[in-house]
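Report on the following structure.
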Amino acid sequence: MSKHTWMMIVLCFGLLAAKICADGLETGFATPPDSARPWVYLFPLDGNISSNGITADLEAMARVGIGGLLYMETDQGTPKGTAGFGGPLWRNLFGHLCNEAARLGLQVNMNNDAGWCGSGGPWITPELSMQHVVWTETNVAGPQRFDAVLPQPKAERDFYRDIAMFAYPTPATNY
């Protein structure tokens, strides 16, 4: 075979390989594999979850092509639901969620406790949980000695601890 014939054969195989790759890319884009489906967060708020709600949510996720969900129980100040995290009802409902996800071809990943970033659960007391920095302001006309109890900011779950007190001297103003 001549050098020219070999070059033509190599070129034909190259074009065929490019066509196969292009067809695979087009097919993969039109119908992506399960591994390319997006995931979503599922944030039940403080035990407000039900079997009917789980089924409806997961069926909607499967219908629109979601591949899986990251389950994270959260407490955002909503009224407490009946399925407190880790309790018997919650465990039954989480089992239902896993069964429904398997039925619908969804994957489930779970944050292993209630709260953000592994921050809590019913076994974590308020002083050990995530904290909010709060404050109050008290204006005092000077110059004079201030001798009074400062108001306490709002306590979160009956827990409060001072971390600092700042006093800023300002020039006295005469009206």
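The values are calculated or read from the model by the stated rules, or taken from the named source; none is laboratory data. Note that the structure is predicted; figures quoted are calculated from it, not measured. Note that each Cβ is placed from the backbone with ideal geometry, even for glycine, and that neighbours are counted across all protein chains shown. All accessible areas refer to the heavy atoms of the entire protein, side chains included, with ligands and DNA or RNA removed. Shrake-Rupley method; radii C 1.70, N 1.55, O 1.52, S 1.80 Å.
Scan region 35-58 for residues that are more than 18 Å from THR74 (Cβ to Cβ) and under 11 Å from the mean Cα position of the chain (by Cα) and the total you get is 0.
For every residue, the table says whether it meets (1) basic (Lys, Arg); (2) open to solvent by less than 100 Å² (accessible area, probe 1.4 Å); (3) modelled with pLDDT under 90.
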residue: PHE85; (1), (2), (3): no, yes, yes
residue: ARG91; (1), (2), (3): yes, no, no
residue: ASN99; (1), (2), (3): no, no, no
residue: ASN112; (1), (2), (3): no, no, yes
residue: SER119; (1), (2), (3): no, yes, yes
residue: THR125; (1), (2), (3): no, yes, yes
residue: ALA155; (1), (2), (3): no, yes, yes
residue: TYR160; (1), (2), (3): no, yes, yes
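Look through region 119-164, keep the residues that are outside any helix (DSSP H, G or I) and in contact with a strand residue (DSSP E or B) (Cβ under 9 Å, 6 or more places away or on another chain), and return whichever of them is nearest to THR74 (Cα to Cα). Selected residue: SER129. In this structure, does GLY81 turn out to be in a loop (DSSP other than H, G, I, E, B) and without any contact (Cβ under 8 Å) to a residue 24 or more places away in the chain? Taking the combined requirement at face value, the residue does not satisfy it.
Pick from region 127-137 the residues that are loosely packed, with under 10 Cβ neighbours inside 10 Å and of a type in the set (Val, Ile, Thr): which of them is modelled with the lowest pLDDT? It comes out as VAL133. Can you say whether THR55 is open to solvent by less than 40 Å² (accessible area, probe 1.4 Å), modelled with pLDDT under 95 and either of a type in the set (Ser, Thr, Tyr) or over 23 Å from GLU156 (Cβ atoms) (or both), as far as the supplied structure shows? Spelling it out, it is not the case that THR55 is open to solvent by less than 40 Å² (accessible area, probe 1.4 Å), modelled with pLDDT under 95 and either of a type in the set (Ser, Thr, Tyr) or over 23 Å from GLU156 (Cβ atoms) (or both).
From the list LEU16, LEU69, LEU42, pick out the single residue that is at pLDDT below 95, of a type outside the set (Gly, Ala, Ser) and either surrounded by 13 or more Cβ atoms within 10 Å (Cβ to Cβ) or touching a Cys at 6+ places or on another chain (Cβ under 9 Å) (or both). Only one candidate qualifies: LEU42.
Look at PRO143 and say whether it is at pLDDT below 85 and farther than 30 Å from SER35 by Cα. Against the criterion (at pLDDT below 85 and farther than 30 Å from SER35 by Cα), PRO143 qualifies. When you look at THR74, is it among the β-branched types (Val, Ile, Thr), closer than 30 Å to SER35 by Cα and either modelled with pLDDT under 85 or surrounded by 12 or more Cβ atoms within 10 Å (Cβ to Cβ) (or both), yes or no? Yes.
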